[in-house]
Amino acid sequence: MNMITKNEILNAFKFRHACKVFDKTKVIAKNDMEFILETARLSPSSFGFEPWYFVVVQNKELREKLKKGAWGATIKLDTASHFVLGLTMRDFFIKYDSPYIQYFMSQIQHLPEEAALNRRKIFKTFQKKDFDLNTERTLFDWASKQCYIAMANMMTAAAMIGIDSCPIEGFNKKTSEEVLQKYLDIDIKKYGLSYMLAFGYRLNPPKDKTRRQLNEIVGWKE
Ligand SMILES: Cc1cc2nc3c(=O)[nH]c(=O)nc-3n(C[C@H](O)[C@H](O)[C@H](O)COP(=O)(O)O)c2cc1C
């Protein structure tokens, strides 16, 4: 494996910022966008169940529709080269006894039947007891956390190849999900909208970063 230096990695983290306005004239090459999405695919998730789905919205009219209720996304919808919706699976898919979990263990993880049965038992205890994921909301929020790991990876990967991004939670969840149902053919009983994620090339230089020092956010017990 070709290693990259710590400096190169830190430079990418410093390069990444929440880009407010993108340069409309610059379009991300298809293979670059596919590379970014590939880092979402390779992201880790709890039990490896990948409770996510990503929709890349390039259609202008659909982007217009998405503006409804999405106060934090308007300028990004107008200017981003690529605009991704991070969808998270609801209990229909992600509850321990769902057909999706069964399919996933047998077809994706290739677990023999007995191993799958055992794993499902552990997953059931994890959801019902260990993590108390006993309502639709808690289950969705837990699955959503996995979806955010993919988001972080996409933003970092993009920065590493000089592409800007902006994570977006500036929307009314109910209104935006209604738009998804009505215009994007997404079954919102099965998926919820976790975030929007815009990609492109910056128009303006970013503001200086504001961050607490490492010793304020890390405690060592030695
Ligand atoms: C989950 C999440 C949601 C965010 N939502 C928005 C948003 O709706 N609109 C926006 O302009 N920035 C949004 N941001 C960007 C943050 O404001 C930004 O990351 C933070 O202020 C730190 O600045 P930096 O990313 O430029 O270093 C969001 C960031 C995260 C992680």
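Structural remarks
- Those residues of the range 91-106 whose amide nitrogen sits under 18 Å from the label point placed on K121, 7 Å along Cα→Cβ: 96-98, 102, 105-106
- Of the trypsin sites (Lys or Arg not before Pro) found in the range 143-197, those in coil by DSSP whose Cβ has at most 16 other Cβ atoms within 10 Å are K189, K190.
- Candidate aspartates and glutamates - alpha carbon under 15 Å from K207, same-chain residues fewer than 8 apart omitted: D164
- Restricting the chymotrypsin sites (Phe, Trp or Tyr not before Pro) of the range 9-83 to loop positions (DSSP other than H, G, I, E, B) with no more than 15 neighbouring Cβ atoms within 10 Å leaves W71.
- Dipole magnitude of the chain, debye to nearest 20 (Cβ charges: Lys/Arg +1, Asp/Glu -1, about Cα centre): 520 debye
- Summing Lys and Arg as +1 and Asp and Glu as -1 over all other residues whose Cβ lies under 14 Å from the Cβ of E8 gives a net charge of +3.
- Qualifying trypsin sites (Lys or Arg not before Pro) for the range 9-62 [loop in DSSP, other Cβ within 10 Å: at most 11]: none
- Other-chain or far-sequence residues with amide H under 5 Å of Y191's (modelled H): R90
- Over the chain, dividing the summed -39,500 (n - 2.57) contributions of all DSSP H runs of at least 4 residues by the number of residues returns a 222 nm mean residue ellipticity of -12500 deg cm²/dmol.
- Of all the options G192, G72, G48, the one that moves most in a Gaussian network model of the chain with Cα springs shorter than 10 angstrom is G48.
- At R0 = 25 Å, FRET efficiency that the Cβ-Cβ distance of V56 and Y103 yields, to 0.05: 0.55
- Legend: calculated FRET efficiency, E169 to E113, from the Cβ-Cβ distance at R0 = 41 Å, rounded to 0.05, equals 0.50.
- Helix 30-41 and the long axis of the chain differ in direction by around 40°, with both axes built from C-alpha atoms.
- Percentage, to the nearest whole number, of Cα pairs in the chain over 26 Å apart: 45 percent
- Contour excess over end-to-end distance, with Cα ends at W220 and I75 and 0.36 nm allotted per residue: 48.0 nm
Just so you know, all these numbers are worked out from the coordinates, no wet-lab data involved. Just so it is clear, the model here is predicted, and its values are computed rather than measured. Every residue, glycine as well, gets a Cβ built from its backbone with ideal geometry; the counts of neighbours run over all protein chains shown.
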